[in-house]
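The values are calculated or read from the model by the stated rules, or taken from the named source; none is laboratory data. The shown structure was predicted, so the numbers you read here are calculated from the model rather than taken from an experiment. Glycine gets a Cβ as well: all are built from the backbone with ideal geometry, and neighbour counts include every protein chain shown. Keep in mind that these areas ignore ligands, DNA and RNA; they rest on the heavy atoms of the full protein, side chains included. Shrake-Rupley method; radii C 1.70, N 1.55, O 1.52, S 1.80 Å.
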Amino acid sequence: MKIKRKKIGLALGGGGSKGFAHIGVIKVLKKNNIPIDFITGTSIGALVGGFYAASEDPEYLESVASGSSSGKFISLMTEFTGGRGGIVGGEKVLNFLSEGLDGIDFKDLKIPLAVTATELNSGETEYFEKSGDVAQAIRASISYPPIFSPYKIKNKLYVDGGLSCQVPAQKARLMGADLVIAVNLEDEYVLNKKVFEKESIMTSTYSVFNASIKILVKKVAEYDIKEADIALNLPVGRFKTWSDFGRAKDLIKIGEEFTKKNIKNIKKALL
């Protein structure tokens, strides 16, 4: 008799540039022959999860993050073109996603994927899955205010999924996962004290605002990962959300090393 194995769901949290650490997690899972049956993702987690669900190739993810495409990716994420409701309009980002994903539809992905976004009018978390353009769903999920403009899909306006669901572990369970591995990028609360202690009123105001957002995001993530069987709280707090896209190699390495340290526990949970 064949023993039915547990189906595994991978929930990838938001965190801007820190999300490159997700790639390291995926690389180690793949190397250890741990299958991924479902993927859920918020913001950068949706981006990494979408590219992997389409390709099942962690090396491709790494090349996008730190190879020949990295300069283009960084410029897209920091190109302040202006848009309604945000500093970055997001059209070039959408083109990048569409090109990288080759216009793939959810129903054609190699791994079932659910992408979170927050519907602006209701404040509720909504999930894109099963059908529809994956690139558009990711564009909606990464619409972090005030950086990216909200994104409209079917007469609904969406902002970043992390505003309502930082790590979509529960959704992975609902998709059919017996074991949910959640990757949290917001566990560490690290402040830049040198900036915070400057006397400038504007700098101080921004520092307080930034610290407040970090606290909020951390608390949302703590709530979300309670739904996971295994929570990988990656030590990436020292990295900056929006200005460390050039440090992909460092982040990928952290994801790899942390997952290697926890691989025995992951394998044990599969028994």
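Using label points projected 7 Å from each Cα along Cα→Cβ, tell me how many nm separate Lys154 and Lys261, to one decimal.
With each label placed 7 Å out from Cα toward Cβ, I get 4.3 nm.
Taking R0 as 25 Å, what FRET efficiency do you get between Lys6 and Glu56 from their Cβ-Cβ distance, rounded to the nearest 0.05?
Efficiency, from the Cβ-Cβ distance: 0.85.
Can you give me the % of accessible surface on the chain that is carbon or sulfur? Probe 1.4 Å, all protein chains present, nothing else counted.
53 percent
Go through 237-243, 92-98, 205-211 and give me the packing order, highest mean Cβ count within 10 Å leading.
Put in order of decreasing packing, that is 92-98, 237-243, 205-211.
From the square roots a ≥ b ≥ c of the eigenvalues of the alpha-carbon gyration tensor of segment 128-269, which class results: rounded (a/c under 1.5), prolate (a/b over b/c), or oblate?
Judged from the Cα gyration tensor, segment 128-269 comes out oblate (a/c at least 1.5, b/c at or above a/b).
At what distance in nm do the modelled label points of Lys253 and Val208 sit from each other, each positioned 7 Å from its Cα along Cα→Cβ?
According to this spin-label approximation, the distance is 3.8 nm.
Of the labelled options (i) 55; (ii) 47; (iii) 23, which one gives percent of Cα pairs over 30 Å apart as computed for this structure?
Label (iii) holds the value from this structure.
Using the Kyte-Doolittle scale, which helices in the chain average at least 0.5 and also have C-alpha atoms spread 15 Å or more along the helix axis, with helices defined as whole DSSP H runs?
Those that pass (Cα extent of 15 Å or more, hydropathy at least 0.5) are 21-31, 44-55.
Nearest 0.05, what FRET efficiency do Lys226 and Asn95 give at R0 = 45 Å with Cβ-Cβ as r?
After rounding, the FRET efficiency stands at 0.75.
Could you state the accessible area per residue of segment 116-157 in Å², with a 1.4 Å probe and every protein chain left in place?
48 Å²
Give me the number: length gained by fully extending Ile87 to Ser122, i.e. 0.36 nm times residue separation minus the C-alpha to C-alpha distance, one decimal in nm.
10.3 nm
Under unit Cβ charges (Lys, Arg +1; Asp, Glu -1), what dipole magnitude, rounded to 20 debye, does segment 1-69 have relative to its Cα centre?
Computed about the Cα centre, the dipole is about 500 debye.
If the chain between Lys268 and Lys107 were fully stretched, how many nm would it gain, using 0.36 nm times the residue separation less the Cα-Cα distance?
Difference between extended and current length: 54.8 nm.
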